[in-house]
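The values are calculated or read from the model by the stated rules, or taken from the named source; none is laboratory data. Small disclaimer: the values here were computed from a predicted structure and weren't measured. Cβ coordinates were reconstructed from backbone atoms using ideal geometry, including for glycine residues, and neighbour counts include every protein chain displayed.
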Amino acid sequence: MSDANKVAIVGIGASTLSRDGGRSVGALALDAVRAAIRDAGLKREQIDGVSGIYSTDQPTVWPGYVVEALGLDNIVWSSCSSPPSANTVAEGILAVAAGACDYAVCYHSKFRWDTVSGAARNDPLRKAPKGAFDPALNMPLVEPFGVPNGMFAAVRRHAHEFGTKRDHLGMIVVNNRTWALQNDAAIFHDTPLSMTEYLAAKEIAPPLSALDMDMPIDGAMAVVITTVERARDLPHRPVVVEASSNGIAGGTDFFFRAFDSYAAYRVLMKRLWDKSGLSIEDMDLVNIYDGFSSLALEWIEAVFDVRGEAGGFLEDSWDPEAGKLTFLGRIPMSTHGGNLGEGRVQGFGHVLEAVRQLRGSAGRRQLDRAEMALVVNGNNPVNAGMILRAG
Amino acid sequence: MSVTWPSRMDHDTAPYWKGLQEGKLVLCRCRQCRTWIHPPRACCPACWADDIDHESPSGLATLYSCVIQPTGPGRSPEVIGWAELDEQPELFVVAPISDVEIDAVPLGARLLLELRERDGVVLPAFALMAEHES
Ligand SMILES: [Zn+2]
């Protein structure tokens, strides 16, 4: 299939990423959206689609806020979706592909609410709004027990069934933290992490430590999407979307049945490979979601088709000297540092990094060969994945 | 007695809470195809029947997984288990596991349901079964 009917990412933008940027969650979104539109070489009048992540438990803003604040007065398509970030990018891809709009800007903005840490709790500017997030209506059943996190139970089960060890999670964490050292924008750009330090960290949700959990930050990111045809008139080499998919399967409830993520990831991956006619062998980079290192672990199993064998697969891919993973002898993972190293914009960094690498603008971490990248975000049932190609 | 839980109750979950008040764990079960359903739902995921009954399971279960849950400042954490009921694969009740060392939680262990009062409400919990019982 020629590129004529395809869509491409033509602009990327980000706010600063920091523990306290001195800017509101709304301002961060506007920073990212403006940067992405400028990067695409577009005028605000040309933007006719806008999508964002919005959810009552998320410190972000809905599209109306962005439209009003930036005077985007020509919007014919808009959408809200749940995290992760690739979800809103996928929405934009579909809207442009369907002809619902010509130039979509897709954003997500994260912010440290007072619920994320003691420091945030003492900041009067960080109060979370009242209101519970209970999309599967089950929370009251587990509230008496402190709402235990089913994803933590899932990694315990994985370890029990497959012998996964902390070292394996450590390879994922250290890989991302090592790559973050080559990313000046990363929250951990100057804080190396060794495997010894990782293994010494206190397990706060065994087998996970705080190092296994993505780093809350203030930060926003955005992309602009249009057709490949229109992209030819724009300044950057387009990054073409070869396929985009979600995947939901089995138990989807975070509280009761968070054990079926792998099944959901396989649904998503099968669709990506089937639609694109590509395989993992065609990828030069995989940016794999790491909200928790354990989520990355099961994504790796699904992406490389190694269910239950992630431990051995990671060992085979691990370079202890470099502190990095290289899959199948040549494919790096999350060269920006992932959520664990760059900071938690819930997977948006994975999209932007793929675009940078495919454009050839990743600076000192630019890969020698970067023609095709896989991005996967999220867990079950909120996720998205895409295959991107240098156009 | 101050009743703290549940924070919210709806048409689907009311029988669950009412059962606990009466000292029983009752779960949804499809009258048509006999599938057990938990958390409570108004429709059977297997056959789509709306014909939902409420029954008490045997209380026998296996520990599928768990988390170590903080309980508040100055209080020791507790083990919250995913008890896979004998009635059906992946039929989980999420509840505390009584009297277990947090460093040595045996996944795969046999469990027995017990109901315990907590903050003025009867709630499910599970105890490890002794070797000879299992
Ligand atoms: Zn049924």
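Somewhere in region A:152-174, is a residue part of a loop (DSSP other than H, G, I, E, B), away from chain B (no Cβ under 14 Å) and under 19 Å from the mean Cα position of the chain (by Cα)?
Checking region A:152-174: not a single residue is part of a loop (DSSP other than H, G, I, E, B), away from chain B (no Cβ under 14 Å) and under 19 Å from the mean Cα position of the chain (by Cα).
List every residue pair whose Cβ atoms sit under 9 Å apart, with the two residues 6 or more apart in sequence or on different chains, where the first one lies in region B:37-52 and is small (G, A, S) and the second, anywhere, is more than 10 Å from the ligand (Cβ to nearest atom) and not in a strand (DSSP E or B).
Every condition considered, the pairs that remain are B:A42/B:H11; B:A42/B:D12.
When both residues are 6+ apart or on different chains and their Cβ atoms are under 8 Å apart, which pairs have a first residue that lies in region B:22-35 and is in a strand (DSSP E or B), and a second that is at pLDDT 95 or above and within 7 Å of the ligand (Cβ to nearest atom)?
B:R29/B:T35
I'd like to verify a number: residues in region B:38-71 that are assigned to a strand (DSSP E or B), within 11 Å of chain A (Cβ to nearest Cβ) and under 16 Å from B:E87 (Cα atoms), how many?
2
Filter region B:97-112 down to residues that are part of a loop (DSSP other than H, G, I, E, B) and more than 12 Å from chain A (Cβ to nearest Cβ) and give me whichever is modelled with the highest pLDDT.
Checked region B:97-112; the qualifying residue modelled with the highest pLDDT is B:V100.
Take B:L115 and tell me if it is more than 16 Å from the ligand (Cβ to nearest atom), part of a strand (DSSP E or B) and touching a residue at least 60 places away in the same chain (Cβ under 8 Å).
So B:L115 fits the description; yes.
Tell me the residue from B:P6, B:P57 that is away from the ligand (no atom under 16 Å from the Cβ) and over 21 Å from A:A153 (Cβ atoms), please.
Result: B:P6 is the single residue among B:P6, B:P57 that is away from the ligand (no atom under 16 Å from the Cβ) and over 21 Å from A:A153 (Cβ atoms).
Considering only region B:72-96, state which residues are within 16 Å of the ligand (Cβ to nearest atom) and either within 12 Å of chain A (Cβ to nearest Cβ) or in contact with a Gly (Cβ under 7 Å, 6 or more places away or on another chain) (or both).
B:P89, B:E90, B:L91
Determine which member of the set B:C44, B:C33 is surrounded by 14 or more Cβ atoms within 10 Å (Cβ to Cβ) and either farther than 17 Å from B:L123 by Cβ or in contact with a strand residue (DSSP E or B) (Cβ under 6 Å, 6 or more places away or on another chain) (or both).
Exactly one residue qualifies, and that residue is B:C44.
Collect the residues in region B:18-39 that are within 14 Å of the ligand (Cβ to nearest atom), over 18 Å from B:E114 (Cα atoms) and not hydrophobic (A, V, I, L, M, F, W, C), keeping them in residue-number order.
B:R29, B:R31, B:Q32, B:R34, B:T35
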